[in-house]
1. Mind checking whether some residue in region 24-33 is at pLDDT below 90, surrounded by fewer than 18 Cβ atoms within 10 Å (Cβ to Cβ) and under 13 Å from LEU101 (Cβ atoms)?
2. Could you look through region 62-73, keep only residues that are farther than 23 Å from GLU34 by Cβ and among the aliphatic types (A, V, I, L, M), and pick out the one that is modelled with the lowest pLDDT?
3. For region 41-92, which positions are exposed (fewer than 13 other Cβ atoms within 10 Å of the Cβ), of a type outside the set (Lys, Arg) and over 20 Å from PRO20 (Cβ atoms)?
4. Name the pairs: first residue in region 74-99 and closer than 19 Å to LYS32 by Cα, second residue modelled with pLDDT of 85 or more and part of a strand (DSSP E or B), Cβ to Cβ under 8 Å, at least 6 apart or on different chains?
5. Looking at region 7-14, is at least one residue part of a helix (DSSP H, G or I), over 19 Å from GLY104 (Cβ atoms) and either in contact with a Lys or Arg (Cβ under 6 Å, 6 or more places away or on another chain) or modelled with pLDDT under 90 (or both)?
6. Would you pick out the residues in region 44-100 that are within 11 Å of ILE15 (Cβ to Cβ) and either part of a helix (DSSP H, G or I) or touching a Gly at 6+ places or on another chain (Cβ under 8 Å) (or both)?
Amino acid sequence: MYQQVLRRFAHFNAIQLSEPASLPELVMLALKEEGTDPEGNESKELRGKIAEMNTELLKQKAGMLEEYFSIHIDSNGNMSRLPVILDQYTPDMDRIPEFILCLGNDKRISGDAKAVLDSFLFHSISSDTTVEVGRDSHGH
């Protein structure tokens, strides 16, 4: 799989989202799902600041993310496109908030192309997901 992604690096096909997704909202969802404070006492203001910081970083890196990975982020902090990592594999859209939070928190996103690629792959496909290339859900 890594070799397939390397061949497609900077040439990914893309999934166009039907509606742009707000990065701050995605980060807030991820923080809520993460359950960092099970009693709900964590400051909403703090979560808002984390969402704002992640959004700003991703907006700053929008050009690189689009060029390398076909992730489109506009100047308002909305994401409208995601890369197709593997043919015939659709990402779990419920995991997009977690992906965006991790991508925004990852310091390697500021590094060289290989570090960015490694970070992207790490966050794109979870270790507990098995992908069978060329097979649909019925095993064909």
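The values are calculated or read from the model by the stated rules, or taken from the named source; none is laboratory data. Just so we're clear, the structure is a prediction, and the values are computed from it rather than from any experiment. Here the Cβ positions follow ideal geometry from the backbone for every residue, glycine too, while neighbour counts run over all protein chains shown.
1. yes
2. First pass over region 62-73, keeping only residues farther than 23 Å from GLU34 by Cβ: 62-64, 66-70, 72.
With the extra rule that they be among the aliphatic types (A, V, I, L, M), the set shrinks to 62, 64.
Details: ALA62: 92, MET64: 87.
This residue is MET64.
3. Correct list: ASN41, SER43, GLU45, LEU46, ASP87, GLN88.
4. ILE96/ALA21; ILE96/LEU82
5. Scanning region 7-14 turns up at least one residue that is part of a helix (DSSP H, G or I), over 19 Å from GLY104 (Cβ atoms) and either in contact with a Lys or Arg (Cβ under 6 Å, 6 or more places away or on another chain) or modelled with pLDDT under 90 (or both).
6. MET93, ILE96
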